[in-house]
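Reviewing the structure listed below.
A short reminder: the numbers here are calculations on the coordinates, not readings from a lab. The structure displayed is predicted, hence computed values, not measured ones. Every residue, glycine among them, receives a Cβ derived from its backbone with ideal geometry; neighbour counts consider all protein chains shown.
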Amino acid sequence: MKHYDYLDTRPQKKRQAFLYFAYVLVFCSVQQFIPITLDIPFLIVGNLIILAYSYLELNKELMIITILMFIGLLSRFTA
């Protein structure tokens, strides 16, 4: 947390809702609840949303973990 967080006017709640939606997309992709044709698009869209969130929130740890997990999961789906 920064010292002047109260000056931040960015809409935090809406961003968190998109983040949770991205988590659900990635979860459904990995668990294969939906037919196989939508696994990779859900994985890509979900991870892109997480990357955008981590970039906007300046969260480097989340960005690094997302990139590593995306590469790992994508290689698992394509193999």
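For a protection proxy built on the mean count of beta-carbon atoms within 10 angstrom, sort 37-43, 15-21 highest first, please.
Details: 37-43: 15.3, 15-21: 13.4.
Ranked from most to least packed, the peptides come out as 37-43, 15-21.
Pulled fully out, how much extra length does the chain show between Phe77 and Ala52, if you take 0.36 nm times their separation in residues and subtract their Cα-Cα distance? Intermediate results must be reported in sequence, preceding the final value.
Details: separation 25, 0.36 × 25 = 9.00 nm, distance 2.27 nm.
Gain on stretching Phe77 to Ala52: 6.7 nm.
To the nearest 0.05, how large is the calculated FRET efficiency for Ile65 and Cys28 if R₀ is 30 Å and r is the Cβ-Cβ distance? Mind dumping the intermediate values first?
Details: r = 19 Å, r/R0 = 0.64.
Computed FRET efficiency for Ile65 and Cys28 comes out at 0.95.
Determine, for each peptide in 50-56, 65-71, the mean count of other beta carbons within 10 angstrom over its residues, then list the peptides with the highest first.
Values: 50-56: 16.4, 65-71: 14.6.
Highest to lowest by the protection proxy: 50-56, 65-71.
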